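The values are calculated or read from the model by the stated rules, or taken from the named source; none is laboratory data. Computed from a predicted model, the values in this text were never measured in an experiment. For neighbour counting, all protein chains shown are included, and Cβ atoms are generated from backbone atoms with ideal geometry for every residue, glycine included.
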Amino acid sequence: MGLSFAVILYGGDIVRVSTTYEYTSNNHNETPEQAERNAIQKAREKALEEKFGLDVSSVSSTYVHSKTDGEDASSVADVFALGGTAVRGEWIETIEEKVLEKSYVKGFWIIKVYVSGRARNNTKEKTEIKYALINNSHDKYGRDQYQDGDDIYLRFSSPVNGSLCVYLIDESQNAYCLLPYQTTTTGCQEIQANREYLLFYAGEDQDADEYTVNCERSTEQNAVYIIFTPNRLTKAIDSKSDKNWRNEPMPRQLTYKAFLNWLSKNQQKDEDLVVKTEVITIKK
């Protein structure tokens, strides 16, 4: 139930939107983290719907910053995609997201949240890309469940030439650049039209970086951002990563906040930018 809404003009066709929303869980098995994530998602959709109306495909993502009992807490479990909805509009930048009230009544979570951000009416038709995250080079269909130590690949195709970047966000709010590969010096991964790519697989590209997913705890969630444009897209400034707790090398990285700033700037200047987000679960 949306309780309030405000819009302030913010340069050009980008406006500021905000709303307060009360979410009631309909699933006894929903964790508090999942409930918060869904509450924020519904709040954003409501804010966009109130301003721009219905009928669009996807909206970019950011993380939820929740506040409970005076303590700040954030998790990549709160990273999600507003995809597949009928909401018209594109979420460009998050100003503030917070949990106002949270209760557990008869096995269901009731959560009131506040969201504020900058958005744009995305009436321009964007490139329809095809992609799937997989853990076997022979797989054709995407998956969101992985075991510790599984390989991860990306099938990708586009009807037009363009540029592609792929980032993974872990639960520590680190953003890892998976594509372009570390040996790439142009800062850009070029994509040819009408070609199916199997990315992160050295059998197809000798320069490819190959990845396995892992988790330190029993279950973790990571978010994978797939970012494409028919224009030129250069990756964010990043740095060499330390090895993980297993002493294994990691991709180049930057903070999640810096990644979001880079993404927001590119969304503002490039209305053709397509952003898709997949949340994957990794279990021991």
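When ASP270, ASP238 are checked against the criterion of being charged (D, E, K, R) and touching a Cys at 6+ places or on another chain (Cβ under 8 Å), ASP238 stands alone in meeting it.
Per this entry, ARG44 is not counted among residues that are outside the structural domain of SER264 (by TED's automatic domain parsing), at pLDDT 85 or above, surrounded by fewer than 22 Cβ atoms within 10 Å (Cβ to Cβ) and closer than 26 Å to TYR256 by Cα.
Would you please name the residue that is nearest to GLN182 (Cα to Cα), looking only at residues in the range 213-269 that are acidic (Asp, Glu) and surrounded by 15 or more Cβ atoms within 10 Å (Cβ to Cβ)? This residue is ASP238. Of the set (1) at pLDDT below 80; (2) farther than 27 Å from THR281 by Cα; (3) among the aromatic types (Phe, Trp, Tyr), all apply to TYR63 but (2). Looking across the range 135-151, just one residue is under 17 Å from the mean Cα position of the chain (by Cα) and not in a loop (DSSP other than H, G, I, E, B), and that is GLN145. A search for C-beta distances below 8 Å between a residue of the range 148-172 that is without any contact (Cβ under 8 Å) to a residue 40 or more places away in the chain and any residue that is assigned to a loop (DSSP other than H, G, I, E, B), counting only pairs 6+ apart in sequence or on different chains, returns PRO159/THR127; PRO159/GLU128; PRO159/ALA193; PRO159/ASN194.
Condition check: assigned by TED's automatic domain parsing to the domain that holds GLY149 and not in a loop (DSSP other than H, G, I, E, B). Does TYR167 satisfy that? Write out each step before concluding.
Numbers: assigned by TED's automatic domain parsing to the domain that holds GLY149: yes; not in a loop (DSSP other than H, G, I, E, B): yes.
It is true that TYR167 is assigned by TED's automatic domain parsing to the domain that holds GLY149 and not in a loop (DSSP other than H, G, I, E, B).
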